[in-house]
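Engineer: Below: one structure in structure tokens.
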Amino acid sequence: MEHKKLLITGGAGFIGSHVVRRFVKNYPHYEIYNLDKLTYAGNLMNLKDIEDYPNYHFVKGDIVDETFIQDLFNQHQFDGVVHLAAESHVDRSISNPTEFIRTNVLGTINLLNAANSIWKGQMEGKRFYHISTDEVYGSLGDTGFFTEETKYDPRSPYSSSKASSDHLVRAYFHTYGLPVVVSNCSNNYGSFHFPEKLIPLAINNIKLMRPIPVYGAGDNIRDWLYVEDHARAIDLIFHKGRSGETYNIGGANEWTNLDLIHKLCEIMDQKMHRAPGTSAGLITFVKDRAGHDHRYAIDFTKLKNELGWEPSLQFEEGLDRTVEWYLTNEEWLNAVTSGNYQHYYESQYEKR
Ligand code: NAD
Ligand code: DAU
């Protein structure tokens with residue numbers, strides 16, 4: 001089994017923590033370095049179960065810091081990079097776009113430059129995997145799907161910054177021969193999801209009998225994928241995807257926000273032993289998101305045909321598991337909603 005040293009960025013976030021866990025457990029002969037700035041979205045409690053594995057290392061740092069990134073690559077001579085670190089919340093990108101350009105664009109080019117400089121002349125066996133989003137393709141009407149050929153048409157500061165980073169990654173393939181691969185995925189859901197995003201926010205509010213804010217008329221459509229299915233796709237693409245290629249990843253699972261919230265309310269009524277309809281009474285229509293994309297839907301035929309990947313879970317089962325996870329992991333949810341998770345790093349790492 002080939003030994004590899006891999007850098008995973010953003011591994012303390014929602015999807016990154018699932019990816020780190022999967023790689024650390026499935027590839028004991030790999031050394032996994034998780035580089036994360038620990039912004040409000042980074043939470044090392046997400047990785048408590050694997051933090052003592054001998055092949056796992058945590059590095060606190062900012063991908064925007066060019067010197068730090070170059071030094072890190074010089075020191076470790078990574079064989080591969082799985083790049084997830086990003087500012088990821090559309091609403092925050094509307095109130096503070098510049099931070100998105102710094103992390104998502106400048107941070108990505110720093111990583112590209114560092115990989116390019118240590119792999120120069122010896123690209124064989126190396127891989128730079130950039131994790132992106134379906135939002136770069138823009139907004140669909142009521143029909144059609146995003147394919148890998150769909151023209152980019154980002155419409156929020158978040159999706160524009162991701163589109164920009166995708167273009168840079170592909171430019172490094174064409175210009176310098178950097179062995180890159182890109183994937184664009186639809187909305188994820190599951191455990192360790194920060195409760196500013198729709199599903200965990202709604203679960204938490206329903207639990208506490210607080211209003212559930214639904215933007216506009218609730219008729220926007222998203223294609224939901226269970227996060228562990230995304231991590232499985234990332235594993236597959238990292239190992240088997242073709243260099244220079246893009247793979248779309250999706251759930252074949254479209255829901256309007258309002259239907260999704262009604263489904264969640266039903267599940268929560270059952271689990272909280274409430275009379276049917278109690279949770280739905282919390283639904284509150286609020287002002288729409290500026291520039292709110294109407295519909296995302298992914299065609300993942302290429303990934304299915306080339307690498308045999310398909311989503312494994314029915315949405316009802318995935319949602320049920322997710323709700324169960326939030327209700328049984330109260331300590332995690334309370335730490336996140338109170339801000340206490342931000343002290344975990346000091347208590348766990350700075351004393352070592
Ligand atoms: P997240 O916001 O939960 O986590 C992002 C992580 O990146 C956090 O741990 C944060 O601390 C870290 N980070 C942020 N800025 C950093 C910096 N400057 N330096 C180092 N680390 C930094 O995000 P997520 O939802 O897990 O998304 C991960 C990636 O997947 C992102 O690139 C996102 O664009 C993409 N994506 C997300 C979804 C989704 O539904 N959440 C879908 C498709 C693609
Ligand atoms: O499509 C992939 C993208 O999915 C990722 O690239 C992003 O990082 C990720 O955050 C997610 O973006 P969305 O904007 O689709 O996710 P969010 O959970 O913020 O919103 C989902 C839908 O629910 C969207 O139509 C807006 C709506 N919404 C959201 C919130 C937070 C509400 O109606 N009320 C809310 O309170």
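The values are calculated or read from the model by the stated rules, or taken from the named source; none is laboratory data. Only a predicted model underlies this, so the values are computations on that prediction, with no experimental measurement involved. Positions of Cβ are generated from backbone atoms using ideal geometry, with glycine treated the same way; all protein chains shown enter the neighbour counts. When the accessible area is computed, the model is the full protein with side chains, heavy atoms only, and any ligands, DNA or RNA have been set aside. Shrake-Rupley method; radii C 1.70, N 1.55, O 1.52, S 1.80 Å.
Engineer: What number of residues within the range 151-162 are more than 11 Å from ligand 1 (Cβ to nearest atom) and open to solvent by less than 40 Å² (accessible area, probe 1.4 Å)?
Structural biologist: Summing the residues that are more than 11 Å from ligand 1 (Cβ to nearest atom) and open to solvent by less than 40 Å² (accessible area, probe 1.4 Å) in the range 151-162 gives 1.
Engineer: Can PHE58 be described as more than 16 Å from ligand 2 (Cβ to nearest atom), part of a strand (DSSP E or B), aromatic (Phe, Trp, Tyr) and within 30 Å of ARG222 (Cβ to Cβ)? It would help to see each step written out before you state the result.
Structural biologist: Working: more than 16 Å from ligand 2 (Cβ to nearest atom): yes; part of a strand (DSSP E or B): yes; aromatic (Phe, Trp, Tyr): yes; within 30 Å of ARG222 (Cβ to Cβ): no.
The answer is no for PHE58.
Engineer: Which pairs have Cβ atoms under 8 Å, sit 6 or more apart or on different chains, and link a residue in the range 106-128 that is more than 14 Å from VAL180 (Cβ to Cβ) and open to solvent by 50 Å² or more (accessible area, probe 1.4 Å) to one that is part of a helix (DSSP H, G or I) and at pLDDT 95 or above?
Structural biologist: Qualifying pairs under 8 Å: SER117/GLN70; SER117/PHE73.
Engineer: Shifting gears a bit: Out of the residues in the range 305-314 meeting the condition of being modelled with pLDDT of 95 or more and surrounded by 15 or more Cβ atoms within 10 Å (Cβ to Cβ), tell me which one is nearest to GLY250 (Cα to Cα).
Structural biologist: Only one residue tops the list, namely PRO311.
Engineer: I'm trying to understand the selection: among the residues of the range 61-98, which are surrounded by 15 or more Cβ atoms within 10 Å (Cβ to Cβ) and farther than 26 Å from LEU178 by Cβ?
Structural biologist: Result: HIS89, VAL90, ARG92, SER93, ILE94, PRO97.
Engineer: Right, here's the next one. Applying the selection to the range 16-37, what residues are open to solvent by 40 Å² or more (accessible area, probe 1.4 Å) and either within 23 Å of GLY339 (Cβ to Cβ) or within 15 Å of ligand 1 (Cβ to nearest atom) (or both)?
Structural biologist: ARG22, LYS37 - these are the residues of the range 16-37 that are open to solvent by 40 Å² or more (accessible area, probe 1.4 Å) and either within 23 Å of GLY339 (Cβ to Cβ) or within 15 Å of ligand 1 (Cβ to nearest atom) (or both).
Engineer: For GLY144, work out the one condition from (1) on the phi < 0 side of the Ramachandran plot; (2) surrounded by fewer than 16 Cβ atoms within 10 Å (Cβ to Cβ); (3) not hydrophobic (A, V, I, L, M, F, W, C) it doesn't fulfil.
Structural biologist: (1)
Engineer: Could you tell me which numbered condition PHE300 fails, if it satisfies all but one of (1) away from ligand 1 (no atom under 16 Å from the Cβ); (2) buried (at least 18 other Cβ atoms within 10 Å of the Cβ)?
Structural biologist: So the condition that PHE300 fails would be (1).
Engineer: Please state which one of ILE206, ILE221, ILE261 is open to solvent by less than 10 Å² (accessible area, probe 1.4 Å), within 10 Å of ligand 2 (Cβ to nearest atom) and more than 18 Å from PHE14 (Cβ to Cβ).
Structural biologist: Unique residue meeting the criteria: ILE261.
Engineer: Here is a list: ASP71, ASP65. Which entry is more than 16 Å from ligand 2 (Cβ to nearest atom), closer than 26 Å to THR133 by Cβ and of a type in the set (Asp, Glu)?
Structural biologist: ASP65
Engineer: Output the residues belonging to the range 168-195 that are within 16 Å of ligand 2 (Cβ to nearest atom) and over 30 Å from ASN46 (Cα atoms).
Structural biologist: Matches in the range 168-195: none.
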